[in-house]
Amino acid sequence: MTKPVPNANVHLISHPLVQHKLTLMRDKESSTNSFRRLLNELSMLMAYEVTRDMATQDVQIETPLETMTAQVIDGKKLVLVSILRAGNGILDGVLSVVPGARVGHIGIYRDPKTLKAVEYYFKMPRDMHERDVVVVDPMLATGNSAIAAIDRLKVLRPKSIKFLCLLTCPEGIAALTQAHPDVPIYTAAIDRELNDHGYILPGLGDAGDRIYGTQ
Ligand code: URA
(Lines give C-alpha, C1' and ligand atoms only; values in the text may rest on other atoms or scores of the structure.)
Protein backbone atom coordinates (compact mmCIF):
# COMPACT_ATOMS: atom_id res chain seq x y z
CA MET A 1 0.00 0.00 0.00
CA THR A 2 1.84 3.12 -1.21
CA LYS A 3 0.34 6.59 -1.45
CA PRO A 4 0.85 8.69 -4.59
CA VAL A 5 3.08 11.68 -3.79
CA PRO A 6 3.87 14.64 -6.06
CA ASN A 7 7.32 13.25 -6.87
CA ALA A 8 6.74 10.12 -8.95
CA ASN A 9 10.12 8.81 -7.87
CA VAL A 10 8.98 8.54 -4.25
CA HIS A 11 6.89 5.67 -2.94
CA LEU A 12 5.36 6.59 0.39
CA ILE A 13 4.47 3.43 2.29
CA SER A 14 1.31 4.52 4.04
CA HIS A 15 0.11 1.17 5.39
CA PRO A 16 -1.41 1.64 8.88
CA LEU A 17 0.87 -0.98 10.42
CA VAL A 18 3.92 0.84 9.08
CA GLN A 19 2.67 4.20 10.34
CA HIS A 20 1.79 2.76 13.76
CA LYS A 21 5.22 1.24 14.29
CA LEU A 22 6.97 4.35 13.01
CA THR A 23 5.08 6.48 15.54
CA LEU A 24 6.22 4.19 18.37
CA MET A 25 9.81 4.47 17.14
CA ARG A 26 9.73 8.26 17.01
CA ASP A 27 8.76 8.50 20.68
CA LYS A 28 11.88 9.42 22.65
CA GLU A 29 10.72 7.14 25.47
CA SER A 30 11.05 4.06 23.22
CA SER A 31 13.84 1.88 24.61
CA THR A 32 16.74 0.63 22.47
CA ASN A 33 15.22 -2.82 22.63
CA SER A 34 11.78 -1.63 21.37
CA PHE A 35 13.32 0.65 18.76
CA ARG A 36 15.37 -2.18 17.27
CA ARG A 37 12.46 -4.63 17.34
CA LEU A 38 10.12 -2.10 15.71
CA LEU A 39 12.67 -1.29 13.02
CA ASN A 40 13.01 -4.99 12.31
CA GLU A 41 9.23 -5.44 11.99
CA LEU A 42 8.89 -2.28 9.91
CA SER A 43 11.64 -3.41 7.58
CA MET A 44 9.80 -6.66 6.87
CA LEU A 45 6.68 -4.67 6.00
CA MET A 46 8.60 -2.25 3.80
CA ALA A 47 10.32 -5.18 2.08
CA TYR A 48 6.89 -6.21 0.87
CA GLU A 49 6.57 -2.93 -1.08
CA VAL A 50 10.13 -2.68 -2.33
CA THR A 51 10.04 -6.22 -3.77
CA ARG A 52 6.59 -5.83 -5.31
CA ASP A 53 7.91 -5.89 -8.90
CA MET A 54 10.55 -8.57 -8.33
CA ALA A 55 10.80 -11.05 -11.21
CA THR A 56 9.36 -14.51 -10.64
CA GLN A 57 9.80 -17.69 -12.60
CA ASP A 58 7.55 -20.67 -13.14
CA VAL A 59 8.44 -24.01 -11.54
CA GLN A 60 6.64 -27.33 -11.55
CA ILE A 61 5.76 -28.67 -8.13
CA GLU A 62 3.71 -31.54 -6.76
CA THR A 63 1.04 -30.65 -4.26
CA PRO A 64 -0.33 -33.60 -2.26
CA LEU A 65 -3.09 -33.73 -4.90
CA GLU A 66 -1.57 -32.92 -8.29
CA THR A 67 1.19 -31.28 -10.32
CA MET A 68 1.01 -27.54 -10.78
CA THR A 69 3.04 -24.69 -12.21
CA ALA A 70 3.75 -22.06 -9.55
CA GLN A 71 5.93 -18.96 -9.15
CA VAL A 72 9.12 -18.52 -7.20
CA ILE A 73 11.47 -15.59 -6.87
CA ASP A 74 15.20 -15.81 -7.39
CA GLY A 75 16.32 -14.12 -4.18
CA LYS A 76 19.99 -14.48 -5.14
CA LYS A 77 19.54 -11.88 -7.87
CA LEU A 78 18.78 -9.29 -5.21
CA VAL A 79 21.54 -7.46 -3.38
CA LEU A 80 20.74 -5.52 -0.24
CA VAL A 81 23.36 -2.84 0.25
CA SER A 82 23.54 -1.52 3.78
CA ILE A 83 25.00 1.90 4.43
CA LEU A 84 26.84 1.33 7.71
CA ARG A 85 26.06 1.39 10.43
CA ALA A 86 22.36 2.30 10.69
CA GLY A 87 21.54 0.47 7.44
CA ASN A 88 22.08 -2.82 9.26
CA GLY A 89 18.97 -2.06 11.30
CA ILE A 90 16.87 -2.37 8.13
CA LEU A 91 18.94 -5.16 6.62
CA ASP A 92 17.98 -7.83 9.16
CA GLY A 93 14.25 -7.33 8.69
CA VAL A 94 14.44 -7.37 4.89
CA LEU A 95 16.69 -10.46 4.97
CA SER A 96 14.22 -12.33 7.11
CA VAL A 97 11.67 -12.16 4.27
CA VAL A 98 14.14 -12.52 1.36
CA PRO A 99 16.72 -14.84 2.97
CA GLY A 100 18.40 -15.71 -0.33
CA ALA A 101 19.42 -12.10 -1.03
CA ARG A 102 23.10 -11.23 -1.22
CA VAL A 103 24.42 -8.44 0.97
CA GLY A 104 26.87 -5.62 0.32
CA HIS A 105 28.17 -3.08 2.81
CA ILE A 106 29.28 0.49 2.31
CA GLY A 107 30.92 2.29 5.19
CA ILE A 108 30.26 6.00 4.92
CA TYR A 109 30.23 8.56 7.68
CA ARG A 110 29.10 12.15 7.68
CA ASP A 111 31.84 14.60 8.47
CA PRO A 112 30.17 16.44 11.36
CA LYS A 113 31.51 19.82 10.19
CA THR A 114 30.87 19.65 6.44
CA LEU A 115 28.09 16.99 6.55
CA LYS A 116 29.87 15.54 3.46
CA ALA A 117 30.08 11.76 2.99
CA VAL A 118 33.44 10.06 3.61
CA GLU A 119 33.82 6.39 2.49
CA TYR A 120 35.86 3.93 4.62
CA TYR A 121 34.56 0.49 3.53
CA PHE A 122 33.12 -1.06 0.35
CA LYS A 123 32.40 -4.77 -0.13
CA MET A 124 29.95 -6.12 -2.72
CA PRO A 125 29.03 -9.56 -4.05
CA ARG A 126 30.43 -10.64 -7.42
CA ASP A 127 28.64 -10.14 -10.76
CA MET A 128 26.81 -7.01 -9.73
CA HIS A 129 25.83 -6.41 -13.37
CA GLU A 130 23.42 -9.38 -13.07
CA ARG A 131 21.74 -8.14 -9.91
CA ASP A 132 19.06 -5.75 -8.68
CA VAL A 133 20.15 -3.59 -5.77
CA VAL A 134 18.19 -2.17 -2.85
CA VAL A 135 20.26 0.32 -0.86
CA VAL A 136 19.09 0.54 2.74
CA ASP A 137 19.59 3.32 5.27
CA PRO A 138 16.94 4.39 7.82
CA MET A 139 17.38 8.14 7.26
CA LEU A 140 17.58 10.01 3.92
CA ALA A 141 18.58 13.39 5.33
CA THR A 142 21.05 15.57 3.36
CA GLY A 143 21.25 12.77 0.79
CA ASN A 144 25.06 12.97 0.77
CA SER A 145 25.66 9.38 1.95
CA ALA A 146 22.99 7.95 -0.33
CA ILE A 147 24.35 9.83 -3.34
CA ALA A 148 27.94 8.78 -2.60
CA ALA A 149 26.88 5.14 -2.13
CA ILE A 150 24.90 5.08 -5.36
CA ASP A 151 27.72 6.83 -7.27
CA ARG A 152 30.03 3.98 -6.23
CA LEU A 153 27.47 1.26 -6.98
CA LYS A 154 26.73 2.55 -10.46
CA VAL A 155 30.36 1.91 -11.44
CA LEU A 156 29.50 -1.81 -11.04
CA ARG A 157 26.51 -1.43 -13.41
CA PRO A 158 23.78 -3.33 -11.49
CA LYS A 159 20.54 -4.00 -13.39
CA SER A 160 18.59 -1.62 -11.15
CA ILE A 161 18.93 0.36 -7.93
CA LYS A 162 16.23 1.30 -5.40
CA PHE A 163 16.68 3.23 -2.17
CA LEU A 164 14.79 2.11 0.94
CA CYS A 165 14.60 4.27 4.06
CA LEU A 166 12.34 4.79 7.03
CA LEU A 167 12.23 8.56 7.01
CA THR A 168 13.15 11.35 4.67
CA CYS A 169 12.51 15.07 4.15
CA PRO A 170 12.06 17.37 1.11
CA GLU A 171 15.78 18.28 1.09
CA GLY A 172 16.89 14.62 0.98
CA ILE A 173 14.44 13.74 -1.77
CA ALA A 174 15.48 16.77 -3.86
CA ALA A 175 19.18 15.98 -3.51
CA LEU A 176 18.87 12.28 -4.32
CA THR A 177 16.45 12.69 -7.21
CA GLN A 178 18.62 15.42 -8.72
CA ALA A 179 21.77 13.27 -8.51
CA HIS A 180 20.09 9.95 -9.40
CA PRO A 181 16.70 10.50 -11.05
CA ASP A 182 16.61 6.82 -12.07
CA VAL A 183 16.62 5.59 -8.44
CA PRO A 184 13.17 5.27 -6.85
CA ILE A 185 12.90 6.08 -3.15
CA TYR A 186 10.77 3.96 -0.80
CA THR A 187 10.00 5.57 2.55
CA ALA A 188 7.51 5.35 5.41
CA ALA A 189 7.40 9.14 5.93
CA ILE A 190 8.43 12.49 4.48
CA ASP A 191 9.06 14.82 7.41
CA ARG A 192 8.99 18.61 7.49
CA GLU A 193 12.62 19.68 7.11
CA LEU A 194 16.30 19.25 7.83
CA ASN A 195 17.89 21.28 10.62
CA ASP A 196 21.31 22.99 10.45
CA HIS A 197 23.01 19.87 11.84
CA GLY A 198 21.56 17.64 9.11
CA TYR A 199 18.89 16.06 11.34
CA ILE A 200 15.37 15.43 10.10
CA LEU A 201 12.56 17.29 11.94
CA PRO A 202 10.48 16.08 13.67
CA GLY A 203 12.33 12.84 12.86
CA LEU A 204 13.39 10.28 15.41
CA GLY A 205 16.86 11.46 16.38
CA ASP A 206 20.05 9.62 15.48
CA ALA A 207 18.95 6.29 14.04
CA GLY A 208 22.31 4.55 14.62
CA ASP A 209 22.44 5.65 18.25
CA ARG A 210 18.88 4.58 18.85
CA ILE A 211 19.38 1.16 17.24
CA TYR A 212 22.60 0.40 19.12
CA GLY A 213 22.05 2.36 22.33
CA THR A 214 25.18 4.46 21.84
CA GLN A 215 23.76 7.86 22.70
N1 URA B 1 20.74 10.60 10.43
C2 URA B 1 20.04 10.29 11.54
O3 URA B 1 20.32 9.28 12.19
N4 URA B 1 19.02 11.09 11.91
C5 URA B 1 18.68 12.18 11.21
O6 URA B 1 17.72 12.86 11.60
C7 URA B 1 19.42 12.49 10.07
C8 URA B 1 20.44 11.69 9.70
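The values are calculated or read from the model by the stated rules, or taken from the named source; none is laboratory data. Computed from a predicted model, the values in this text were never measured in an experiment. FYI the Cβ positions are ideal-geometry reconstructions off the backbone, even for glycines, and counts take in every protein chain you see. These area figures cover heavy atoms from the full protein model, side chains too; ligands, DNA and RNA do not enter into them. Shrake-Rupley method; radii C 1.70, N 1.55, O 1.52, S 1.80 Å.
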Fill in the blank from the handout: In the stretch 184-210, anything open to solvent by less than 50 Å² (accessible area, probe 1.4 Å) and among the charged types (D, E, K, R) is listed as Asp191, Asp206, Asp209, Arg210
Problem - Selection within the stretch 66-109 - surrounded by fewer than 22 Cβ atoms within 10 Å (Cβ to Cβ), within 16 Å of the ligand (Cβ to nearest atom) and not aliphatic (A, V, I, L, M) - result: Arg85, Asn88, Gly107, Tyr109
Fill in the blank from the handout: Checking Pro112, Pro99 in turn, the sole residue that is within 17 Å of Asn40 (Cβ to Cβ) and assigned to a loop (DSSP other than H, G, I, E, B) turns out to be Pro99
Problem - Ala175 vs. criteria within 13 Å of the ligand (Cβ to nearest atom) and at pLDDT 95 or above - result: yes
Practice task
Return a yes/no flag: does the stretch 34-44 have any residue that is hydroxyl-bearing (Ser, Thr, Tyr), open to solvent by less than 80 Å² (accessible area, probe 1.4 Å) and assigned to a loop (DSSP other than H, G, I, E, B).
Solution key: no
Exercise for the section: Within the stretch 136-143, identify whether any single residue is surrounded by fewer than 20 Cβ atoms within 10 Å (Cβ to Cβ) and closer than 18 Å to Asp206 by Cα, and answer yes or no. Expected result: no
